[in-house]
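Undergrad: I have a structure here, written as structure tokens, and I will follow up with some questions on it.
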Amino acid sequence: MKGARTIIVVAAVTILLVPCAAYAEGVFDNLILSPRARAMGGAFVAVSDDETAIFTNPAGLADQASIGFYGSYVDLFGYPYFNLGSLSAVVPTNYGTVGFGARIFKVEQNDVDLQKEYTISLGQGFTLMKDVHSSLAFGYAANLYGLSFEAQSVSGEDLGSANAVGFDVGVLGTLRGRTRFGFFMKNINNPKMGKTDTEDLPQWFTAGVAYSPYGGVTTSLEMQKQDDEDVRTCFGVEAEVNDFVTVRAGLQNHPNRVSAGFGARWQAVRIDYSYTSHAVLPGSHHFGLGVAF
């Protein structure tokens, strides 16, 4: 009976996750890992100017001029058994900026990790050209995906684990210092997970543009397309209140959600927070902490 109850819980969790996540894919979904990006409605591919660029557009790593670290955490939809956390770091070199990222998503029940997804990412971003009016950067990332289940089937079989490797590429450009455009392709090699019953990992393409009408304000519009899913449109805005506080807001469709948040910076340390609504479930509170040297 214990094994049967476990399988029922796993099934219930999966049914709940599928309509709630960004796209209706079972694993390694397009979950936003940056509270700053989440507060801007996910419209971040043309912004991507911090340590989390390894996740959103690795070309943005080229903008990083100092060593930095960033971590974030969110209980998705306010449920303590949907844990999503990430760590990222950037290190400038003479050959572009190297980025590192780690993502872990767990579904827990009674202190048991029913499902655990992890991704280890390593990437690089470098400038292709730059002058007083414009710039162009390119970036790539390699991702090691891991999926495991601690639960057993009704017959007592181990549900096992699997791994896969995926590759991402991105482009980021600026025009006249006010306009930025970004393109990002996730899992361009179409990675598959599993040995007998293989599962394609989700692929998506993102394109966006960001515009700063005046200093301290950024608006961003983005389109996301995954396989044969509907195109998702995201819009966000970010405005500096003063040298220490920034406010953000955004919205998106498929599913329809609104978001808001803020960032606070003091010297080399910054704190980010975002809240994202959901049409049916509770909202998500996302927290982040970063430091640069």
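The values are calculated or read from the model by the stated rules, or taken from the named source; none is laboratory data. The model shown is predicted, which means the values in this text are computed figures rather than measured ones. We place every Cβ from the backbone using ideal geometry, glycine too, and count neighbours over all the protein chains shown.
Undergrad: Of (1) modelled with pLDDT under 95; (2) among the hydroxyl-bearing types (Ser, Thr, Tyr); (3) surrounded by 13 or more Cβ atoms within 10 Å (Cβ to Cβ), residue 211 satisfies all except one. Which?
TA: Among (1) modelled with pLDDT under 95; (2) among the hydroxyl-bearing types (Ser, Thr, Tyr); (3) surrounded by 13 or more Cβ atoms within 10 Å (Cβ to Cβ), the lone unmet condition for residue 211 is (1).
Undergrad: Only helices (runs of 4 or more DSSP H) wholly contained in the range 1-64 count here; list those with 2 or more residues that are modelled with pLDDT of 90 or more and either farther than 21 Å from residue 80 by Cβ or not small (Gly, Ala, Ser) (or both).
TA: Helices (runs of 4 or more DSSP H) meeting the threshold: 35-39, 53-56.
Undergrad: Within the set of pairs 6 or more residues apart or between chains, which connect a residue that is modelled with pLDDT of 95 or more and of a type in the set (A, V, I, L, M) inside the range 176-190 to a residue that is surrounded by fewer than 17 Cβ atoms within 10 Å (Cβ to Cβ) and not in a loop (DSSP other than H, G, I, E, B) with Cβ atoms less than 7 Å apart?
TA: 185/205; 188/167
Undergrad: What is the number of the single condition among (1) part of a loop (DSSP other than H, G, I, E, B); (2) touching a helix residue (DSSP H, G or I) at 6+ places or on another chain (Cβ under 7 Å); (3) modelled with pLDDT of 95 or more; (4) not charged (D, E, K, R) that residue 288 does not meet?
TA: (1)
Undergrad: Taking the stated definitions as given, is residue 70 under 16 Å from residue 107 (Cβ atoms) and of a type in the set (Phe, Trp, Tyr)?
TA: no
Undergrad: Going through 74, 107, 98, 90 one at a time, which residue ends up being within 19 Å of residue 33 (Cβ to Cβ), touching a strand residue (DSSP E or B) at 6+ places or on another chain (Cβ under 7 Å), in a strand (DSSP E or B) and at pLDDT below 95?
TA: 107
Undergrad: Another question, if that's okay. Quickly run through the range 116-144 and pick out the residues that are in contact with a Lys or Arg (Cβ under 7 Å, 6 or more places away or on another chain) and over 20 Å from residue 170 (Cα atoms).
TA: Within the range 116-144, 116, 118, 133 qualify.
Undergrad: Could we say that residue 216 is within 19 Å of residue 86 (Cβ to Cβ) and small (Gly, Ala, Ser) here?
TA: No, not satisfied.
Undergrad: Which residue pairs have Cβ atoms under 6 Å apart, sit 6 or more places apart or on different chains, and have a first residue in the range 255-274 that is in a strand (DSSP E or B) and a second that is surrounded by fewer than 16 Cβ atoms within 10 Å (Cβ to Cβ) and β-branched (Val, Ile, Thr)?
TA: 262/247; 264/245; 264/271; 269/291
Undergrad: Pairs needed: first member in the range 217-234, part of a loop (DSSP other than H, G, I, E, B); second member anywhere, of a type in the set (D, E, K, R); C-beta distance under 6 Å; at least 6 residues apart or different chains.
TA: Once the first residue is part of a loop (DSSP other than H, G, I, E, B) and sits in the range 217-234, its partners that are of a type in the set (D, E, K, R) give 231/225.
Undergrad: A further question on this structure: Filter the range 181-216 for residues that are assigned to a strand (DSSP E or B), farther than 19 Å from residue 46 by Cα and among the charged types (D, E, K, R) and give the result.
TA: Hits for the range 181-216 are 192, 199, 200.
Listed here are the residues, each with its yes/no results for (1) of a type outside the set (D, E, K, R); (2) touching a Lys or Arg at 6+ places or on another chain (Cβ under 9 Å).
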{"site": "200", "(1), (2)": "no, yes"}
{"site": "205", "(1), (2)": "yes, yes"}
{"site": "212", "(1), (2)": "yes, yes"}
{"site": "228", "(1), (2)": "no, no"}
{"site": "231", "(1), (2)": "yes, yes"}
{"site": "235", "(1), (2)": "yes, no"}
{"site": "249", "(1), (2)": "yes, no"}
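Undergrad: Specify the residue that is surrounded by the fewest Cβ atoms within 10 Å (Cβ to Cβ); the eligible residues are those in the range 40-60 that are under 19 Å from residue 257 (Cβ atoms), touching a Phe, Trp or Tyr at 6+ places or on another chain (Cβ under 7 Å) and among the β-branched types (Val, Ile, Thr).
TA: Result: 56.
Undergrad: For the range 61-73, name all the residues that are under 16 Å from residue 289 (Cβ atoms) and buried (at least 24 other Cβ atoms within 10 Å of the Cβ).
TA: The answer is 70, 72.
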